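Below is one structure; the comments refer to it alone.
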Amino acid sequence: MSEYAATFELIDADKDGRISADELVRLMAVLDEPLTIDGARGAISKVDADGDGLIDLDEFSTWLRGR
């Protein structure tokens, strides 16, 4: 299991195994860092290796390891 799985699960509100733009917008609002839906989609596109418009745990882990 990824060392980032617990964090990923907190963000993945609907527990479908992927982070959507809507979930990212909600997370950023909680963190008091507002993000538009277009901004969230843009951020996801930078991490989304398979092009499905969502971030899975592998993509999330790769992104965090690269930071």
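The values are calculated or read from the model by the stated rules, or taken from the named source; none is laboratory data. Values in this document were obtained by computation on a predicted structure and should not be read as measured data. When we count neighbours, we look across all protein chains shown, and the Cβ atoms used for this are built from the backbone with ideal geometry, even at glycine.
Looking only at residues of region 47-67 that are modelled with pLDDT under 95 and of a type in the set (D, E, K, R), we find that the one that is surrounded by the fewest Cβ atoms within 10 Å (Cβ to Cβ) is R67. Inside region 24-40, residues that are under 10 Å from the mean Cα position of the chain (by Cα) and either of a type in the set (D, E, K, R) or over 18 Å from T7 (Cβ atoms) (or both) make up a count of 0.
Listed by first and then second residue, the pairs with beta-carbon distance under 8 Å, at least 6 apart or on different chains, first residue in region 6-30 and within 16 Å of D52 (Cα to Cα), second basic (K, R) and in a helix (DSSP H, G or I), are A21/R41.
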